[in-house]
1. Before we move on, is ASP82 of a type in the set (Asp, Glu) and within 17 Å of the chain's Cα centre (by Cα)?
2. Under the condition of being among the basic types (Lys, Arg) and not in a helix (DSSP H, G or I), which residue from region 117-163 is nearest to ALA262 (Cα to Cα)?
3. Considering only residues that are aromatic (Phe, Trp, Tyr) and within 30 Å of ALA268 (Cβ to Cβ), look in region 154-192 and name the one that is farthest from the chain's Cα centre (by Cα).
4. May I ask you to list pairs of residues, at least six apart or on different chains, whose Cβ atoms are under 8 Å apart, with the first in region 247-272 being surrounded by 15 or more Cβ atoms within 10 Å (Cβ to Cβ) and the second being at pLDDT below 90 and not in a helix (DSSP H, G or I)?
5. Would you point out the residue of region 95-141, among those that are under 19 Å from the mean Cα position of the chain (by Cα) and not hydrophobic (A, V, I, L, M, F, W, C), that is surrounded by the most Cβ atoms within 10 Å (Cβ to Cβ)?
6. Of the residues VAL195, VAL250, which is more than 20 Å from the chain's Cα centre (by Cα) and of a type in the set (Val, Ile, Thr)?
7. Considering each residue of region 117-153, count those that are among the aromatic types (Phe, Trp, Tyr) and in contact (Cβ under 8 Å) with a residue 12 or more places away in the chain, and give that number.
8. At least 1 residues that are farther than 18 Å from GLY123 by Cα and touching a residue at least 40 places away in the same chain (Cβ under 8 Å) in each: list the helices (runs of 4 or more DSSP H) lying fully within region 1-99 that qualify.
Amino acid sequence: MLKTRILTALALLPLVLASLFLAPPLGWGVFALLALSLGAWEWARFARFDRGEMICFVVGFLALGTAWLFIPLARSWALPLDVLALLFWLLLVPLWLRHKWTLKHKGLSALVGWLVLLAALAGVTRIRELPQGAILLLAMLAIAWVADVAAYFAGRAFGKRKLAPSISPGKSWEGVYGGLLAVALYVLALQYFGVPVFAQLSWWLLLPLAWALTAVSVMGDLFESLLKRQVGFKDSSNLLPGHGGVLDRVDSLLALVPVASALLFGYARLAV
């Protein structure tokens, strides 16, 4: 299993980095749209859509994503998407996890799925379009990765108190604290080395923001875990050998990216 995970990661990592750093912003956007369309297919499986409903859901997401990438007027969705993403991830999802709501209505399942996926697509494309956007986006994505890896090792070494035993039994509060510590060291290193945005923030503002994004990424992970548990899935699919599905790999990013993007561009709007 470990060998398979490593081989899959080694195959995917160059493709992702090449798309991010070598392709123009539009090329990166198309890559992200195609990757997230696989996530849309997995979401349709969570929602128990039949074949026709699944096709409609995935095609609907592709249409929305294509409009976002190629039709300038669609960029007027940016502010509503930011607001909806913040409300969803910061207010609704914590309640969702607490009460363990289920998506029983297929129409609601489709709307939630489109919001989650389109907000993520909008976030990764808007950040990539900024000056030095590729390095900034990679630095932001790595917040979730650093937190995840550190939480895994801290949890294995010190984990005693379960974070959400009925949703994800393997996660512990000690793991979360380890992730927060690692993220603090990581973002301070980014600040020291002059990475855009991180270098412009004072440490006393940078750390709370980074910790907030870490918490959001954990909620994204738990949210996908809850959806899987409710339908009896171990993984979102088997598209990525050793890793499960696309949503299994990007669950934390689906939450982190829209919130980070909304905060970044919200600050830019206020600063004008």
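The values are calculated or read from the model by the stated rules, or taken from the named source; none is laboratory data. What you are looking at is a predicted structure, and each value in this text was computed from that prediction instead of being measured. Please note: Cβ atoms are built from the backbone with ideal geometry, for glycine as well, and neighbour counts cover all protein chains shown.
1. In short, yes.
2. Within region 117-163, the match that is nearest to ALA262 (Cα to Cα) is LYS162.
3. Step by step, filter region 154-192, then rank; the result is TYR192.
4. Hits for this filter: ASP248/LEU240; ARG249/LEU240; ARG249/HIS243.
5. So, considering only residues that are under 19 Å from the mean Cα position of the chain (by Cα) and not hydrophobic (A, V, I, L, M, F, W, C), the one surrounded by the most Cβ atoms within 10 Å (Cβ to Cβ) is GLY123.
6. VAL195
7. Counting residues in region 117-153 that are among the aromatic types (Phe, Trp, Tyr) and in contact (Cβ under 8 Å) with a residue 12 or more places away in the chain gives 2.
8. On the way: elements: 2-21, 25-46, 51-70, 78-86, 93-99.
Those helices (runs of 4 or more DSSP H) span 2-21, 25-46, 51-70, 93-99.
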